[in-house]
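Below is one structure; the comments refer to it alone.
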Amino acid sequence: MATLGAMLALVLAACAPVPARNPLASWVPSPHHDARRPVLIVLHFTDEASLARSLAILRSANASGPVSAHYLLGTDGHIYQLVADDERAWHAGAGRWGTITDVNSASIGIELVNDGHAPFPEAQIDGLLVLLADLTRRWRIPPTQVIGHEDLAPARKLDPGPRFPWARLAAAGYGLWPRVPLADPPPGFDPWLALAAIGYPLDDRAAAVRAFRHHFRSLEGEALEADDLRVLYALARQLEGDAGP
C-alpha cells in the first residue's frame, strides 16, 4: 500500500500547473510572442438574483464544480472583473462555435446577474455596452463575435435566454443581426447549412433551433418556421458578404 507521503506527492503532481518551459528542450527565447488573444465574447446569466451569491459562486463552485468568468455585471451596471483578460476562465464548458472547439481558450466570458426569468435592467445593459466597446477595441475582437452561452451549447444551456435584448446590442453594433427588409429564401436554400455557417453546433438540431429562436426572435420552439428561414437567409447572405473580397 502506498504511504501517505507518496499519495500526497501524486496528488500534488497531478495538480501542478503545466510548466511554461518544456524540460525536454533547450530554452532559446524569442521576443516574438504575446499573450493569449481572445476572438469571441460569450454572455451568460448567473441563474441567481443576488450579486453576492453570484460573486461567491464564480469564485468557488456550483453543483458542477469550479466555475468562473472574466467579468460580472450587477443589475446596476457595475462591472466586476474576476479573471484577467489574457487568462482562461472556466465559463463556457463543453460546446463549440463554428470551428472553435475549446471556447474557454478563445473567449472572454461575461456573466450578468439575472435569475433567468427577470428582464435585464437598462442600467445593466448600459454597463455591458460600455464593457463590449472596451473589449472589442482593446482585443480587436470583431463586434459580431458576441454570442450567448446557449448558442455554443444549445443542448445543455439556456443563458442568457429569450429575455436578453439582443436587438439592443445589435443597434449598438454588437452581435450578428439580420438586416431588414427580410426576403424569402430561394428554392434549394438549406437552413441547416446556414445555421452551421453562423456557428451553431448541429449535434442536436432541435436544441440548435431553440437557441437560434431565443437569440434572434425571442421565441420558444424547436421547429423552423417561415420567418426563421427569412432570418437565416439574411444572416447567410451577410456572412457571405463579410467573407467576400
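Taking the Cα centre of the chain as origin and charging only Cβ (+1 Lys, Arg; -1 Asp, Glu), how large is the dipole, in debye to the nearest 20?
The calculated dipole for the chain is roughly 540 debye.
Please report, as a whole percent, how much of the solvent-accessible surface of segment 129-243 comes from carbon and sulfur atoms (probe radius 1.4 Å). Intermediate results must be reported in sequence, preceding the final value.
Values: 3020 of 5540 Å².
Using a 1.4 Å probe with all protein chains present, segment 129-243 comes out at 54 percent carbon and sulfur.
For Val209, Val130, Val39, give me the order by solvent-accessible area with a 1.4 Å probe, most accessible first, ignoring ligands, DNA and RNA.
These residues rank, largest area first, as Val130, Val39, Val209.
What fraction of the DSSP beta bridges in segment 30-117 is antiparallel, stated in percent and rounded to the nearest 5?
Around 40 percent of the beta bridges assigned by DSSP in segment 30-117 are antiparallel ones.
With springs only between Cα atoms under 10 Å, which of Gly77, Gly199, Gly65 fluctuates most in a Gaussian network model of the chain?
For the chain, modelled as a Gaussian network with Cα springs under 10 Å, the answer is Gly65.
Considering only DSSP beta bridges whose two residues both sit in the chain, what percent are antiparallel, to the nearest 5?
Values: 6 of 18 bridges.
Antiparallel bridges: around 35 percent, rounded to the nearest 5.
Can you give me the accessible area per residue for segment 141-245, using a 1.4 Å probe, in Å²?
Ligands and nucleic acids excluded, the figure is 48 Å² per residue.
Running a GNM on the chain with Cα contacts under 10 Å, which residue among Pro29, Pro186, Pro165 ends up with the highest mean-square fluctuation?
Evaluated over the chain, the most mobile residue of the options is Pro29.
Determine the calculated [θ] at 222 nm for the chain from helices alone, applying -39500 (n - 2.57) to every DSSP H run no shorter than 4 residues and normalising by the residue count; nearest 500 deg cm²/dmol.
-11000 deg cm²/dmol
What's the center-to-center distance, using Cα atoms, between segment 179-229 and segment 88-119 in Å?
Value for the Cα centre distance between the two parts: 21 Å.
Which one of Ala208, Ala194, Ala226 has the biggest mean-square fluctuation once the chain is modelled by GNM with Cα springs under 10 Å?
Greatest mean-square fluctuation among the candidates belongs to Ala226.
The values are calculated or read from the model by the stated rules, or taken from the named source; none is laboratory data. Values in this document were obtained by computation on a predicted structure and should not be read as measured data. Ideal geometry is used to build each Cβ from the backbone, glycine not excepted, and the neighbour counts take in all protein chains shown. We work out accessible area using only protein heavy atoms, side chains counted, and drop any ligands, DNA or RNA first. Shrake-Rupley method; radii C 1.70, N 1.55, O 1.52, S 1.80 Å.
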